[in-house]
Amino acid sequence: MSALLASLAGLPNAAEPVAGWVTGGQPTEQQLKAFKVAGGEVVLDNRDPMEPRPYDEPSVVRAVGLQYMSLPIVHGAVTTDTMKIMHEALRRLVGKKALLHCSSGNRTSAALIPYLMIETKMEEENAAEVAMRGGLRSAELMEIALQYVRGLSG
């Protein structure tokens with residue numbers, strides 16, 4: 001287990017699908033501090049800004065010295081364009097130590113599938129398995145991610 005993943009002990013559905021990138025659910029303030037100490041650099045938040053949170057995440061992230069990125073993946077409004085925007089954001093994070101999260105890991109893990117398949121050449125079945133280990137539970141989100149990938153190769 002990497003130091004980054006260990007620093008986020010207790011994070012719902014915590015996984016490290018790509019070296020240096022931890023995915024999961026909503027982190028606590030203490031987990032964000034521990035992530036920074038472990039070498040974390042960026043927090044990519046996939047929650048809708050209107051979703052209730054236990055604290056002001058953007059402020060806390062910046063206060064502990066991490067970069068904050070908001071890229072909402074909104075329940076019921078996800079399209080292949082959403083997947084494209086997330087894929088492009090992930091390409092910009094290559095080489096950075098990042099925490100990618102939503103409330104449970106479901107949306108974030110689904111949106112990771114295109115990156116895994118396109119950038120790391122992972123087979124569809126393996127990418128889906130990695131996403132499920134990170135909290136993916138929505139067949140609909142997985143299908144949208146796969147539609148995006150198929151649209152690029154078709």
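The values are calculated or read from the model by the stated rules, or taken from the named source; none is laboratory data. Everything numeric in this text was worked out from a predicted model, so none of it was measured. A quick note on method: Cβ atoms are made from the backbone with ideal geometry, for glycine too, and the neighbour counts reach across all protein chains shown. Side chains are part of the model used for accessible areas, which takes the heavy atoms of the whole protein and leaves out ligands, DNA and RNA. Shrake-Rupley method; radii C 1.70, N 1.55, O 1.52, S 1.80 Å.
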Exercise. Starting from the Cα of Lys33, draw a straight line to each of the lysines and keep only those under 29 Å, dropping any in the same chain fewer than 8 residues away.
Key: Lys96, Lys97
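Counting pairs of alpha carbon atoms under 8 Å apart in space and at least six apart in sequence, what relative contact order in percent does the chain give?
Numbers: 253 pairs, mean separation 43.0, N = 154.
About 28 percent, as a whole number.
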Self-check item: the chain - charge dipole about Cα centre, Lys and Arg +1 at Cβ, Asp and Glu -1, debye rounded to 20
Solution: 400
Practice problem: Amide H neighbours of Leu100 under 5 Å, at least 5 residues apart or on other chains, H built in the peptide plane: list them. | Solution: Val22, Thr23, Gly24, Leu44
Quiz item: For the stretch 1-93, what % of the accessible area comes from carbon and sulfur atoms, probe 1.4 Å?
Solution: 56
Quiz prompt | Qualifying aspartates and glutamates (Cα of each under 19 Å from Cα of Lys121; at least 8 residues distant if same chain) | solution = Glu16, Glu88, Glu129, Glu143
Quiz prompt | Helix 139-153 axis, angle to the chain major axis (alpha carbon atoms, nearest 10°) | solution = 60
Quiz prompt | Principal-axis tilt of helix 80-92 within the chain, Cα atoms, nearest 10 degrees | solution = 50
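Classify the stretch 74-136 as rounded, prolate or oblate, taking a ≥ b ≥ c as the square roots of the eigenvalues of its Cα gyration tensor: rounded when a/c is under 1.5, otherwise prolate if a/b is larger than b/c and oblate if not. Let's see the in-between values first.
Values: a/c = 1.25, a/b = 1.10, b/c = 1.14.
Rounded.
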Quiz item: What is the set of long-range amide H partners of Gln67 at a cut-off below 5 Å, with H atoms built 1.01 Å from backbone N?
Solution: Val42, Val43
Self-check item: Gaussian network model of the chain, springs between alpha carbon atoms under 10 Å - residue of Val94, Val61, Val18 with greatest fluctuation
Solution: Val94
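Excluding ligands, DNA and RNA, what is the solvent-accessible area per residue of the chain at a probe of 1.4 Å, expressed in Å²? Spell out each step's value before the answer.
Numbers: 7230 Å² over 154 residues.
For the chain, the solvent-accessible area averages 47 Å² per residue.
From the Cα gyration tensor of the stretch 68-107, with a ≥ b ≥ c the square roots of its eigenvalues, which class applies: rounded if a/c is under 1.5, or else prolate if a/b is larger than b/c, or else oblate? If you can, show how the numbers build up before the last one.
On the way: a/c = 2.48, a/b = 1.37, b/c = 1.80.
Note, shape of the stretch 68-107 comes out oblate.
So for the chain: antiparallel DSSP bridges make up what percent, rounded to the nearest 5? Numbers along the way, then the final one.
Working: 2 of 14 bridges.
Antiparallel bridges make up about 15 percent of those DSSP assigns within the chain.
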Exercise. Note the angle between two axes, namely the Cα long axis of helix 124-133 and the longest principal axis of the Cα atoms of the chain, as a number of degrees from 0 to 90, rounded to the nearest 10.
Key: 30
Quiz prompt | Residues of the stretch 93-112 with amide N under 16 Å of the 7 Å Cα→Cβ point at Ala3 | solution = 96-99
